[in-house]
Amino acid sequence: MFISNRLTLATILMLLGSTSLIDAAEFTHEQLARLAEDPAVKQTDLPFLDAPAPDLSHFVAMGDGTQLAVSLYFPVGFNPKMDRAPAVFEDSIYGRREDAGTTAIALYREAGYVVVIGDARGFAASFGAQDGFNSPQQTADEAELIAWIAGQQWSNGKVAAIGHSVSAVFADSMTGSGAPALGGAIIRASDFDEYAHNMFPGGAPNLGILALASELMAWHVGADCGTNLTTCSQLGFAPVDGDDSFELLQGAIRDHQDNIDGAAFAGLIYRDDRIGALSLGDAGGIARIDGIRKAAVPARVAASWTDGMTALSALTRFEMASEAPMEVVIGATSHPGGLSADPFADEPFEPAKPSAVEQFKGDIDFLDRALAGEQIGRSISYVVLGTDAWKTTPVWPPVGVVGSKLMLSPSLMGPEISDAATGTYRVDPTATSGQFNRWAAQRGKPVFYGNLRGAADTRVTFDAPVITQDQELVGAPELCLMMSSDQTDGLVIAYLEDVAPDGRVTYLTEGQLRLLHRATTGAPCDPGSGTPRSFAKADGAAVVPGEAMRIELPLLPVAARIAEGHHLRLSLAGADAGWFEMLTDVPATWTLAYGGENGSSLIVPMRAWED
């Protein structure tokens with residue numbers, strides 16, 4: 001916790017009115033909620049929230065005549081009629097005013113960049129409508145805007161795409177647009193695959209993100225602004241210069257009535273289900289992968305081990321765009337980047353290392369190098385959870401990592417094959433990973449897992465042998481689960497945890513799979529790493545109650561030190577209250593099969609710890 005000077009958490013809670021004794025590793029939801037709202041915590045997480053006013057805001061006409069709103073921020077002392085500078089461009093669906101607070105405008109201006117933030121077609125003050133999420137039309141608009149920026153009198157012709165969260169998805173798509181003037185990209189906390197990395201992890205509806213999509217699209221419809229001009233100023237969208245009456249904003253809002261219905265995302269099941277004119281398979285960087293490979297725009301991709309699936313997105317992009325110059329940086333931070341989200345932390349919401357300001361300065365340093373024509377290589381720099389150690393590798397997983405296979409048996413897992421056995425588990429719909437977890441991060445909350453020793457009460461657990469030498473867990477564990485269910489669908493969530501000698505249980509990573517999507521494009525539980533799934537309608541299959549299934553479930557990638565004397569624990573659940581529903585009308589009862597050559601197992605990527 002960080003409030004002006006360093007204070008203990010107990011002191012802070014007393015100042016906030018809590019008088020109960022505090023265990024240094026365990027806090028109530030109410031205590032965390034109060035701390036999360038502290039102004040100093042928010043300032044640490046979002047240091048650029050108090051954004052400057054733009055120097056200019058106006059429309060740019062697209063080739064089809066649609067007017068898109070942009071705001072320009074010039075460097076201090078810059079004369080746009082005489083001076084020339086490179087530019088960074090961010091496309092927004094939250095609105096130019098909203099995204100200005102996460103864009104580090106002051107730092108870019110100090111570094112000599114013109115900052116351009118645009119409202120995407122169908123959003124905020126821009127006219128037009130969206131026929132899908134991150135549509136080809138939007139990417140074409142962005143390419144046209146990049147050309148417009150490069151051709152301005154004040155431009156030196158060099159443009160970089162930047163973005164955070166959703167706007168980073170658009171920055172990623174821009175790298176595959178073929179825009180000739182695009183010389184670099186900053187992609188922060190992005191989702192490379194909008195279906196599998198964001199809205200439907202493992203095919204399971206992500207309740208927090210689906211609610212956000214519905215709220216966002218409803219916001220841009222503008223309530224009754226389209227018919228009542230007096231309410232348009234209350235929406236929070238920035239009008240262009242000269243639109244003091246908000247009549248132009250009202251006209252844009254009227255166009256937005258033809259946007260897709262955000263609530264419809266929750267009705268999707270498969271990657272190829274359509275909403276509007278497009279499916280989620282048509283969205284995100286993964287849908288532009290051919291263009292990304294061809295253009296090979298240098299990109300800095302920043303992510304976090306504990307922020308949604310942003311780390312998996314960054315690593316997937318690194319793998320799929322294997323020829324593109326790319327520097328991947330994976331920390332342990334909140335979604336904006338300003339707070340630590342290392343699950344080994346004893347106190348919540350401490351400042352990130354490096355700080356958000358230092359992280360954004362790293363982005364600018366990258367663009368300085370990329371736009372100057374310096375050759376950008378390929379690397380992954382990552383922090384190891386539970387330490388302050390950063391490591392860099394040119395390949396993933398890093399050299400020396402070996403998959404250690406642990407066979408499951410009732411309550412245990414280890415390298416030895418046990419006798420065949422079965423066990424049952426009835427899904428507990430109240431099981432939860434908390435309200436300040438990796439999924440909450442993408443709704444703007446800070447992350448704190450704390451001590452999870454009570455979580456086992458609602459899950460089925462398997463403990464591994466004690467580690468006799470410090471190890472680095474680095475990569476994506478894979479669970480092969482032999483099971484049956486008495487329901488026709490369901491959800492399996494696998495958590496991997498570190499258990500200390502004193503009993504503290506620390507979250508490491510997780511993975512989930514909707515059983516409807518259990519089919520893989522290869523043999524299930526094959527010895528190779530990775531689990532290719534189409535999530536397509538043609539591959540969906542209802543569960544046959546009582547029928548044995550061999551389920552391959554990849555957990556999210558992570559890097560953590562597992563100290564001598566600690567041991568790993570696998571926990572299974574069928575719901576994560578508030579985030580992932582159990583997907584059956586009544587709690588399912590699973591029968592889990594153990595033992596024998598083909599019993600349930602967990603492969604954990606490990607290597608000996610080196611400082």
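The values are calculated or read from the model by the stated rules, or taken from the named source; none is laboratory data. The shown structure was predicted, so the numbers you read here are calculated from the model rather than taken from an experiment. As a convention, Cβ positions derive from the backbone with ideal geometry for all residues, glycine included, and neighbour counts pool all protein chains shown. With ligands, DNA and RNA removed, areas are computed over all heavy atoms of the protein, side chains included. Shrake-Rupley method; radii C 1.70, N 1.55, O 1.52, S 1.80 Å.
Beta carbons closer than 7 Å, at least 6 apart along the sequence or on distinct chains, pair a first residue in region 572-590 that is over 10 Å from D428 (Cα atoms) with a second that is assigned to a loop (DSSP other than H, G, I, E, B) and among the hydroxyl-bearing types (S, T, Y) for G578/T432.
In this structure, V543 does satisfy being under 28 Å from E597 (Cβ atoms) and in a loop (DSSP other than H, G, I, E, B). Scanning region 129-151 for residues that are farther than 17 Å from D282 by Cβ, outside any loop (DSSP other than H, G, I, E, B) and of a type outside the set (A, V, I, L, M) turns up E144, W148. Note on region 223-240: residues that are of a type outside the set (S, T, N, Q), under 24 Å from A53 (Cβ atoms) and either in a helix (DSSP H, G or I) or in contact with a Ser or Thr (Cβ under 8 Å, 6 or more places away or on another chain) (or both) total 6.
For region 228-282, the set of residues classified as among the aromatic types (F, W, Y) and either over 30 Å from A542 (Cβ atoms) or modelled with pLDDT under 95 (or both) consists of F237, F246, listed by residue number. For region 588-611, a residue qualifies if it is over 29 Å from the mean Cα position of the chain (by Cα), in a loop (DSSP other than H, G, I, E, B) and not charged (D, E, K, R), and the qualifying residues are A588, G595, G596, N598, G599, S600.
Scanning region 345-368 for residues that are touching a residue at least 24 places away in the same chain (Cβ under 8 Å) and among the charged types (D, E, K, R) yields D346, E347, E350, K353, K361, D363, D368.
Give the residue that is least open to solvent (accessible area, probe 1.4 Å), with candidates limited to residues of region 12-44 that are of a type in the set (S, T, Y) and at pLDDT below 90. Selected residue: S18. Scanning region 241-267 for residues that are open to solvent by 70 Å² or more (accessible area, probe 1.4 Å), assigned to a loop (DSSP other than H, G, I, E, B) and charged (D, E, K, R) yields D241, D244, D258, D261. When region 161-214 is filtered for residues that are in contact with a His (Cβ under 6 Å, 6 or more places away or on another chain) and either surrounded by fewer than 24 Cβ atoms within 10 Å (Cβ to Cβ) or without any contact (Cβ under 8 Å) to a residue 24 or more places away in the chain (or both), only G203 remains.
Here region 403-455 is the region considered, the condition is being surrounded by fewer than 15 Cβ atoms within 10 Å (Cβ to Cβ) and of a type in the set (D, E), and the residue that is nearest to T591 (Cα to Cα) is D419.
The lone criterion from (1) within 28 Å of N437 (Cα to Cα); (2) surrounded by fewer than 18 Cβ atoms within 10 Å (Cβ to Cβ) left unmet by T102 is number (2). Looking across region 581-592 at every residue that is touching a Gly at 6+ places or on another chain (Cβ under 8 Å) and more than 19 Å from A421 (Cα to Cα), the one that is least open to solvent (accessible area, probe 1.4 Å) is identified as A588. Scanning region 448-473 for residues that are out of contact with any Asp or Glu (no Cβ under 7 Å at 6 or more places or on another chain), farther than 16 Å from E564 by Cα and not aromatic (F, W, Y) gives R453, G454, A455, A456, D457, R459, V460, T461. If you take the residues in region 481-498 that are assigned to a strand (DSSP E or B) and open to solvent by 10 Å² or more (accessible area, probe 1.4 Å), which one is nearest to D611 (Cα to Cα)? In this case the residue turns out to be M482. The set of residues from region 569-580 being open to solvent by 10 Å² or more (accessible area, probe 1.4 Å) and within 27 Å of G530 (Cβ to Cβ) comprises R569, W579.
Taking each residue of region 424-439 that is within 17 Å of G454 (Cβ to Cβ) and looking for partners that are open to solvent by less than 10 Å² (accessible area, probe 1.4 Å) and of a type in the set (V, I, T) with beta-carbon atoms closer than 7 Å, six or more apart or interchain, yields F436/V447; N437/V447. If only residues of region 429-469 that are in a loop (DSSP other than H, G, I, E, B) and of a type in the set (D, E, K, R) are counted, the one that is nearest to the chain's Cα centre (by Cα) is R443. The set of residues in region 511-537 being open to solvent by 40 Å² or more (accessible area, probe 1.4 Å) and not hydrophobic (A, V, I, L, M, F, W, C) consists of R518, T521, P524, D526, P527, S529, P532, K537.
For region 593-605, the criterion of a residue being closer than 16 Å to P201 by Cα, of a type in the set (G, A, S), out of contact with any Pro (no Cβ under 6 Å at 6 or more places or on another chain) and at pLDDT below 95 is satisfied by no position. When every residue of region 105-126 is checked against the conditions, none turns out to be of a type in the set (F, W, Y), in contact (Cβ under 8 Å) with a residue 12 or more places away in the chain, buried (at least 22 other Cβ atoms within 10 Å of the Cβ) and assigned to a strand (DSSP E or B). Pairing residues of region 533-550 that are β-branched (V, I, T) with residues that are open to solvent by 60 Å² or more (accessible area, probe 1.4 Å), at Cβ distances under 7 Å and at least 6 apart in sequence or on separate chains, gives V543/T488. Each residue in region 470-480 was checked for being open to solvent by 10 Å² or more (accessible area, probe 1.4 Å) and in a loop (DSSP other than H, G, I, E, B), and 2 pass.
The requirement of being modelled with pLDDT of 95 or more, open to solvent by 10 Å² or more (accessible area, probe 1.4 Å), of a type in the set (V, I, T) and more than 18 Å from A179 (Cα to Cα) is satisfied by T66. If you check L9, L56, L72 for being modelled with pLDDT of 95 or more and surrounded by 15 or more Cβ atoms within 10 Å (Cβ to Cβ), only one passes: L72.
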